[in-house]
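> Can you read through this structure? Questions will come right after.
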There are 2 protein chains.
Amino acid sequence: MSDLLERLRGRGWRMTAQRRVVAEVLEGDHVHLTADEVHARAVVRLPEISRATVYNTLGELVSLGEVLEVATDKRAKRYDPNAHRPHHHLVCARCGAIKDVHPGGNPLADLPDSERFGFTVSDVEVTYRGVCPTCAAA
Amino acid sequence: MSDLLERLRGRGWRMTAQRRVVAEVLEGDHVHLTADEVHARAVVRLPEISRATVYNTLGELVSLGEVLEVATDKRAKRYDPNAHRPHHHLVCARCGAIKDVHPGGNPLADLPDSERFGFTVSDVEVTYRGVCPTCAAA
DNA sequence: AATTGACTTAGACAATGTCTATTGTAGGAT
DNA sequence: ATCCTACAATAGACATTGTCTAAGTCAATT
(Lines give C-alpha, C1' and ligand atoms only; values in the text may rest on other atoms or scores of the structure.)
Protein backbone atom coordinates (compact mmCIF):
# COMPACT_ATOMS: atom_id res chain seq x y z
CA MET A 1 0.00 0.00 0.00
CA SER A 2 2.16 2.77 1.24
CA ASP A 3 4.93 3.38 -1.24
CA LEU A 4 6.29 5.71 1.43
CA LEU A 5 7.40 2.69 3.43
CA GLU A 6 8.94 1.20 0.28
CA ARG A 7 10.88 4.39 -0.41
CA LEU A 8 12.12 4.51 3.15
CA ARG A 9 13.23 0.91 3.13
CA GLY A 10 15.04 1.62 -0.13
CA ARG A 11 16.96 4.39 1.59
CA GLY A 12 18.22 2.01 4.24
CA TRP A 13 15.68 2.88 6.87
CA ARG A 14 15.47 0.16 9.46
CA MET A 15 11.83 -0.80 9.59
CA THR A 16 10.32 -1.04 13.04
CA ALA A 17 6.75 -1.32 14.26
CA GLN A 18 6.97 2.21 15.67
CA ARG A 19 8.13 3.78 12.44
CA ARG A 20 5.53 1.91 10.45
CA VAL A 21 2.78 3.14 12.74
CA VAL A 22 3.94 6.77 12.57
CA ALA A 23 4.07 6.61 8.78
CA GLU A 24 0.60 5.05 8.65
CA VAL A 25 -0.90 7.69 10.90
CA LEU A 26 0.30 10.36 8.49
CA GLU A 27 -1.41 8.87 5.44
CA GLY A 28 -4.18 10.81 3.72
CA ASP A 29 -4.98 14.20 2.23
CA HIS A 30 -5.16 17.46 4.15
CA VAL A 31 -3.49 15.79 7.12
CA HIS A 32 -1.69 18.30 9.36
CA LEU A 33 -1.22 16.77 12.78
CA THR A 34 0.85 18.03 15.68
CA ALA A 35 3.48 15.73 17.18
CA ASP A 36 1.23 14.98 20.13
CA GLU A 37 -1.71 14.20 17.88
CA VAL A 38 0.47 11.78 15.95
CA HIS A 39 1.49 10.24 19.23
CA ALA A 40 -2.12 9.91 20.41
CA ARG A 41 -3.11 8.11 17.22
CA ALA A 42 -0.02 5.94 17.21
CA VAL A 43 -0.72 4.81 20.77
CA VAL A 44 -4.06 3.39 19.64
CA ARG A 45 -2.26 0.96 17.38
CA LEU A 46 0.86 0.44 19.44
CA PRO A 47 0.21 1.29 23.07
CA GLU A 48 3.82 1.25 24.23
CA ILE A 49 5.19 3.74 21.70
CA SER A 50 6.91 6.65 23.43
CA ARG A 51 6.69 10.36 22.81
CA ALA A 52 10.42 10.56 22.13
CA THR A 53 10.16 8.01 19.34
CA VAL A 54 7.37 9.93 17.69
CA TYR A 55 9.44 13.12 17.82
CA ASN A 56 12.51 11.30 16.52
CA THR A 57 10.64 9.62 13.70
CA LEU A 58 8.92 12.81 12.62
CA GLY A 59 12.27 14.57 12.62
CA GLU A 60 13.76 11.86 10.44
CA LEU A 61 10.86 11.97 8.01
CA VAL A 62 11.35 15.73 7.72
CA SER A 63 15.10 15.31 7.12
CA LEU A 64 14.40 12.76 4.44
CA GLY A 65 12.04 15.18 2.75
CA GLU A 66 9.06 12.86 3.11
CA VAL A 67 7.12 15.12 5.47
CA LEU A 68 6.96 18.90 5.81
CA GLU A 69 6.89 20.95 8.96
CA VAL A 70 4.15 23.55 8.90
CA ALA A 71 4.04 26.54 11.24
CA THR A 72 0.58 27.92 10.47
CA ASP A 73 -0.38 27.55 14.07
CA LYS A 74 1.48 29.66 16.56
CA ARG A 75 1.58 26.83 19.04
CA ALA A 76 2.80 23.41 17.98
CA LYS A 77 4.46 22.48 14.70
CA ARG A 78 2.32 20.41 12.37
CA TYR A 79 3.44 17.64 10.06
CA ASP A 80 2.25 17.46 6.46
CA PRO A 81 2.82 14.22 4.51
CA ASN A 82 2.05 15.94 1.21
CA ALA A 83 5.72 16.69 0.54
CA HIS A 84 5.87 15.76 -3.12
CA ARG A 85 3.43 18.20 -4.65
CA PRO A 86 4.20 21.85 -3.89
CA HIS A 87 1.29 23.56 -2.22
CA HIS A 88 0.29 26.24 0.23
CA HIS A 89 -2.15 26.36 3.13
CA LEU A 90 -5.57 27.75 3.91
CA VAL A 91 -6.25 28.04 7.63
CA CYS A 92 -9.48 28.67 9.51
CA ALA A 93 -8.88 31.49 11.97
CA ARG A 94 -11.49 30.09 14.36
CA CYS A 95 -11.09 26.32 14.51
CA GLY A 96 -7.61 25.93 13.02
CA ALA A 97 -8.68 23.57 10.21
CA ILE A 98 -6.06 23.43 7.45
CA LYS A 99 -6.51 22.70 3.74
CA ASP A 100 -3.83 22.27 1.10
CA VAL A 101 -4.28 24.73 -1.75
CA HIS A 102 -2.63 25.36 -5.13
CA PRO A 103 -2.92 29.05 -6.00
CA GLY A 104 -1.98 30.40 -9.39
CA GLY A 105 0.59 33.18 -9.79
CA ASN A 106 4.26 33.17 -8.97
CA PRO A 107 4.99 35.01 -5.74
CA LEU A 108 8.74 34.47 -6.14
CA ALA A 109 8.67 36.55 -9.32
CA ASP A 110 6.68 39.22 -7.50
CA LEU A 111 9.56 40.10 -5.21
CA PRO A 112 11.68 42.73 -7.00
CA ASP A 113 15.43 42.81 -6.58
CA SER A 114 15.13 46.06 -4.70
CA GLU A 115 13.22 44.16 -2.00
CA ARG A 116 15.64 41.27 -1.68
CA PHE A 117 18.30 42.91 0.51
CA GLY A 118 20.98 40.85 -1.21
CA PHE A 119 19.38 37.57 -0.14
CA THR A 120 19.42 34.54 -2.41
CA VAL A 121 15.72 33.77 -2.27
CA SER A 122 14.83 30.15 -2.88
CA ASP A 123 11.39 29.47 -1.51
CA VAL A 124 8.02 31.00 -0.68
CA GLU A 125 5.36 29.94 1.74
CA VAL A 126 1.88 31.37 1.40
CA THR A 127 -0.70 31.06 4.16
CA TYR A 128 -4.27 32.12 3.48
CA ARG A 129 -6.47 32.86 6.49
CA GLY A 130 -10.22 32.94 6.66
CA VAL A 131 -13.23 31.24 8.17
CA CYS A 132 -14.32 27.74 7.19
CA PRO A 133 -17.94 26.91 6.27
CA THR A 134 -18.54 25.05 9.52
CA CYS A 135 -17.39 27.96 11.69
CA ALA A 136 -19.24 30.47 9.49
CA ALA A 137 -22.50 28.56 10.02
CA ALA A 138 -22.08 28.37 13.80
CA MET B 1 8.94 61.34 20.08
CA SER B 2 7.15 58.09 19.79
CA ASP B 3 3.70 58.83 18.52
CA LEU B 4 2.98 55.25 19.48
CA LEU B 5 3.02 56.29 23.12
CA GLU B 6 0.76 59.21 22.27
CA ARG B 7 -1.74 56.96 20.53
CA LEU B 8 -1.76 54.57 23.43
CA ARG B 9 -2.29 57.30 25.97
CA GLY B 10 -5.14 58.55 23.82
CA ARG B 11 -6.76 55.16 24.05
CA GLY B 12 -6.77 55.28 27.82
CA TRP B 13 -3.64 53.26 28.34
CA ARG B 14 -2.22 53.84 31.78
CA MET B 15 1.37 54.87 31.21
CA THR B 16 3.91 53.05 33.34
CA ALA B 17 7.67 52.81 33.17
CA GLN B 18 7.38 49.16 32.14
CA ARG B 19 5.07 49.83 29.22
CA ARG B 20 7.13 52.75 28.06
CA VAL B 21 10.26 50.61 28.04
CA VAL B 22 8.61 47.79 26.11
CA ALA B 23 7.30 50.23 23.51
CA GLU B 24 10.74 51.83 23.22
CA VAL B 25 12.48 48.52 22.74
CA LEU B 26 10.23 47.81 19.76
CA GLU B 27 11.06 51.00 17.93
CA GLY B 28 12.82 50.79 14.59
CA ASP B 29 12.61 49.13 11.18
CA HIS B 30 12.97 45.42 10.54
CA VAL B 31 12.58 44.73 14.25
CA HIS B 32 11.27 41.23 14.95
CA LEU B 33 12.13 40.29 18.50
CA THR B 34 10.91 37.34 20.54
CA ALA B 35 9.25 38.00 23.88
CA ASP B 36 12.39 36.97 25.72
CA GLU B 37 14.55 39.23 23.59
CA VAL B 38 12.24 42.10 24.39
CA HIS B 39 12.53 41.21 28.04
CA ALA B 40 16.32 41.06 27.88
CA ARG B 41 16.52 44.52 26.33
CA ALA B 42 13.91 45.94 28.66
CA VAL B 43 15.83 44.71 31.69
CA VAL B 44 18.81 46.80 30.63
CA ARG B 45 16.76 49.95 31.06
CA LEU B 46 14.53 48.80 33.89
CA PRO B 47 16.17 45.98 35.82
CA GLU B 48 13.16 44.97 37.86
CA ILE B 49 10.73 44.45 34.98
CA SER B 50 9.24 40.98 35.05
CA ARG B 51 8.73 38.47 32.29
CA ALA B 52 4.98 38.40 32.91
CA THR B 53 4.71 42.14 32.33
CA VAL B 54 6.54 41.87 29.04
CA TYR B 55 4.20 39.11 27.89
CA ASN B 56 1.16 41.06 29.07
CA THR B 57 2.27 44.26 27.41
CA LEU B 58 3.11 42.57 24.13
CA GLY B 59 -0.28 40.87 24.18
CA GLU B 60 -2.00 44.21 24.74
CA LEU B 61 -0.07 45.85 21.93
CA VAL B 62 -1.14 43.04 19.63
CA SER B 63 -4.79 43.38 20.68
CA LEU B 64 -4.63 47.10 20.05
CA GLY B 65 -3.27 46.43 16.58
CA GLU B 66 -0.05 48.32 17.26
CA VAL B 67 2.20 45.28 16.96
CA LEU B 68 1.95 42.09 14.87
CA GLU B 69 2.74 38.57 15.89
CA VAL B 70 4.95 36.83 13.36
CA ALA B 71 5.42 33.07 13.21
CA THR B 72 8.26 32.81 10.70
CA ASP B 73 10.35 31.04 13.25
CA LYS B 74 9.15 27.66 14.36
CA ARG B 75 10.17 28.34 17.92
CA ALA B 76 9.08 31.54 19.62
CA LYS B 77 6.62 34.10 18.34
CA ARG B 78 8.17 37.34 17.18
CA TYR B 79 6.77 40.83 17.54
CA ASP B 80 6.76 43.28 14.65
CA PRO B 81 6.05 46.96 15.37
CA ASN B 82 5.49 47.68 11.68
CA ALA B 83 1.73 47.17 11.97
CA HIS B 84 0.54 50.10 9.92
CA ARG B 85 1.98 49.30 6.52
CA PRO B 86 1.03 45.89 5.12
CA HIS B 87 4.09 43.81 4.34
CA HIS B 88 5.49 40.32 4.19
CA HIS B 89 8.72 38.74 5.42
CA LEU B 90 12.00 37.53 4.03
CA VAL B 91 13.81 35.11 6.34
CA CYS B 92 17.39 33.84 6.28
CA ALA B 93 17.27 30.07 6.56
CA ARG B 94 20.66 30.01 8.29
CA CYS B 95 20.77 32.83 10.81
CA GLY B 96 17.08 33.67 11.08
CA ALA B 97 17.45 37.35 10.14
CA ILE B 98 14.13 38.83 9.05
CA LYS B 99 13.44 41.70 6.66
CA ASP B 100 10.14 43.37 5.86
CA VAL B 101 9.34 43.21 2.15
CA HIS B 102 6.62 44.58 -0.12
CA PRO B 103 6.16 42.24 -3.09
CA GLY B 104 4.01 43.11 -6.07
CA GLY B 105 1.14 40.90 -7.21
CA ASN B 106 -2.03 39.98 -5.41
CA PRO B 107 -1.88 36.51 -3.92
CA LEU B 108 -5.47 36.72 -2.67
CA ALA B 109 -6.67 37.01 -6.27
CA ASP B 110 -4.50 34.03 -7.20
CA LEU B 111 -6.56 31.60 -5.14
CA PRO B 112 -9.42 30.38 -7.36
CA ASP B 113 -12.84 29.61 -5.88
CA SER B 114 -12.28 25.94 -6.60
CA GLU B 115 -9.41 26.03 -4.10
CA ARG B 116 -11.25 27.83 -1.32
CA PHE B 117 -13.21 24.91 0.13
CA GLY B 118 -16.08 27.24 0.99
CA PHE B 119 -13.86 29.38 3.24
CA THR B 120 -14.31 33.13 3.44
CA VAL B 121 -10.70 34.09 2.80
CA SER B 122 -9.66 37.41 4.27
CA ASP B 123 -5.92 37.53 4.57
CA VAL B 124 -2.65 36.22 3.15
CA GLU B 125 0.77 35.91 4.69
CA VAL B 126 3.77 35.39 2.45
CA THR B 127 7.12 34.26 3.81
CA TYR B 128 10.13 34.24 1.51
CA ARG B 129 13.06 32.07 2.53
CA GLY B 130 16.64 32.29 1.40
CA VAL B 131 20.17 33.05 2.52
CA CYS B 132 21.26 36.52 3.58
CA PRO B 133 24.47 38.12 2.24
CA THR B 134 26.31 37.68 5.53
CA CYS B 135 25.61 33.96 5.72
CA ALA B 136 26.33 33.50 2.02
CA ALA B 137 29.79 35.05 2.50
CA ALA B 138 30.63 32.83 5.47
C1' DA C 1 -2.53 63.83 49.65
C1' DA C 2 -5.82 60.16 49.72
C1' DT C 3 -8.14 56.75 47.07
C1' DT C 4 -8.86 53.08 43.95
C1' DG C 5 -8.70 50.01 40.42
C1' DA C 6 -5.55 48.89 37.06
C1' DC C 7 -0.70 47.37 36.79
C1' DT C 8 3.39 44.66 38.25
C1' DT C 9 5.68 41.05 40.51
C1' DA C 10 7.56 36.34 41.72
C1' DG C 11 7.00 32.11 41.07
C1' DA C 12 4.10 28.08 40.18
C1' DC C 13 2.20 25.79 36.41
C1' DA C 14 1.36 24.17 31.51
C1' DA C 15 2.56 22.90 26.83
C1' DT C 16 5.87 21.64 23.58
C1' DG C 17 10.15 19.92 22.47
C1' DT C 18 15.07 17.87 23.45
C1' DC C 19 18.45 14.91 25.52
C1' DT C 20 20.52 10.90 27.98
C1' DA C 21 21.31 6.45 29.83
C1' DT C 22 19.49 2.16 29.42
C1' DT C 23 17.17 -1.61 27.23
C1' DG C 24 15.49 -3.81 23.08
C1' DT C 25 15.65 -5.50 18.34
C1' DA C 26 16.12 -5.67 12.92
C1' DG C 27 18.68 -7.60 9.78
C1' DG C 28 23.05 -9.25 8.28
C1' DA C 29 26.68 -12.75 9.35
C1' DT C 30 27.57 -17.37 10.62
C1' DA D 1 18.04 -21.09 12.80
C1' DT D 2 20.93 -18.58 15.86
C1' DC D 3 23.96 -14.99 17.16
C1' DC D 4 25.84 -10.18 16.98
C1' DT D 5 25.97 -5.61 16.75
C1' DA D 6 24.78 -1.24 15.47
C1' DC D 7 20.81 1.24 15.37
C1' DA D 8 16.30 2.18 17.47
C1' DA D 9 13.02 2.70 21.44
C1' DT D 10 12.06 3.75 26.12
C1' DA D 11 11.29 6.46 30.50
C1' DG D 12 11.93 10.28 32.42
C1' DA D 13 14.73 14.37 33.38
C1' DC D 14 15.48 18.71 31.47
C1' DA D 15 14.87 23.05 28.51
C1' DT D 16 12.21 26.61 26.39
C1' DT D 17 8.24 29.28 25.73
C1' DG D 18 4.15 30.88 27.42
C1' DT D 19 0.13 31.41 31.01
C1' DC D 20 -1.92 32.13 35.45
C1' DT D 21 -2.56 33.62 40.34
C1' DA D 22 -2.25 35.96 44.65
C1' DA D 23 -0.40 39.73 46.73
C1' DG D 24 1.75 44.08 46.64
C1' DT D 25 2.37 48.75 44.06
C1' DC D 26 1.36 52.88 41.79
C1' DA D 27 -0.81 56.34 38.02
C1' DA D 28 -4.37 59.17 37.55
C1' DT D 29 -8.31 61.18 39.48
C1' DT D 30 -10.52 63.49 43.16
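The values are calculated or read from the model by the stated rules, or taken from the named source; none is laboratory data. Nothing here was measured: the structure is a model prediction, and the numbers come from that model. Glycine gets a Cβ as well: all are built from the backbone with ideal geometry, and neighbour counts include every protein chain shown. Only protein heavy atoms, including side chains, enter the accessible area calculation; ligands, DNA and RNA are left aside. Shrake-Rupley method; radii C 1.70, N 1.55, O 1.52, S 1.80 Å.
> I need a count of the residues in the range A:64-75 that are within 10 Å of chain B (Cβ to nearest Cβ), open to solvent by 40 Å² or more (accessible area, probe 1.4 Å) and away from DNA strand D (no atom under 11 Å from the Cβ).
2
> When only residues in the range A:53-63 that are in contact with a helix residue (DSSP H, G or I) (Cβ under 7 Å, 6 or more places away or on another chain) and hydrophobic (A, V, I, L, M, F, W, C) count, which is surrounded by the most Cβ atoms within 10 Å (Cβ to Cβ)?
Taking the range A:53-63 first, the residues in contact with a helix residue (DSSP H, G or I) (Cβ under 7 Å, 6 or more places away or on another chain) are A:53-55, A:57-58.
Narrowing the set further to residues that are hydrophobic (A, V, I, L, M, F, W, C) leaves A:54, A:58.
Details: A:Val54: 24, A:Leu58: 21.
Among them, the one singled out is A:Val54.
> Of the numbered conditions (1) assigned to a loop (DSSP other than H, G, I, E, B); (2) touching a strand residue (DSSP E or B) at 6+ places or on another chain (Cβ under 6 Å); (3) within 19 Å of A:Thr72 (Cα to Cα), B:Asn82 fails exactly one; give the number of that condition.
(3) is the only condition that B:Asn82 fails.
Residues checked against (1) in contact (Cβ under 8 Å) with a residue 40 or more places away in the chain; (2) in contact with a helix residue (DSSP H, G or I) (Cβ under 8 Å, 6 or more places away or on another chain); (3) closer than 26 Å to B:Asp73 by Cα:
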| site | (1), (2), (3) |
| --- | --- |
| B:Leu8 | yes, yes, no |
| B:Arg11 | yes, no, no |
| B:Gln18 | no, yes, no |
| B:Leu33 | yes, yes, yes |
| B:Val43 | no, no, yes |
| B:Arg51 | no, yes, yes |
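> Moving on to the next point. Going residue by residue through the range B:102-123, is there one that turns out to be surrounded by fewer than 15 Cβ atoms within 10 Å (Cβ to Cβ), assigned to a strand (DSSP E or B) and not polar (S, T, N, Q)?
Yes.
> For the range B:7-23, name all the residues that are at pLDDT 95 or above and either away from DNA strand D (no atom under 11 Å from the Cβ) or outside the structural domain of B:Glu69 (by TED's automatic domain parsing) (or both).
B:Val21, B:Val22, B:Ala23
> List the number of the failed condition for B:Cys135; all other conditions in (1) open to solvent by less than 30 Å² (accessible area, probe 1.4 Å); (2) in contact (Cβ under 8 Å) with a residue 40 or more places away in the chain; (3) within 23 Å of A:Gly105 (Cα to Cα); (4) of a type outside the set (Lys, Arg) hold.
Of (1) open to solvent by less than 30 Å² (accessible area, probe 1.4 Å); (2) in contact (Cβ under 8 Å) with a residue 40 or more places away in the chain; (3) within 23 Å of A:Gly105 (Cα to Cα); (4) of a type outside the set (Lys, Arg), only one is false for B:Cys135: (3).
> Quick one: in the range B:29-48, which of the residues that are within 19 Å of B:Ala71 (Cα to Cα) and more than 14 Å from DNA strand D (Cβ to nearest atom) is nearest to the chain's Cα centre (by Cα)?
To start, the set of residues in the range B:29-48 that are within 19 Å of B:Ala71 (Cα to Cα) comprises B:29-39.
With more than 14 Å from DNA strand D (Cβ to nearest atom) added as a condition, the list becomes B:29-31.
Numbers: B:Asp29: 10, B:His30: 9, B:Val31: 7 Å.
Among those that are within 19 Å of B:Ala71 (Cα to Cα) and more than 14 Å from DNA strand D (Cβ to nearest atom), it is B:Val31.
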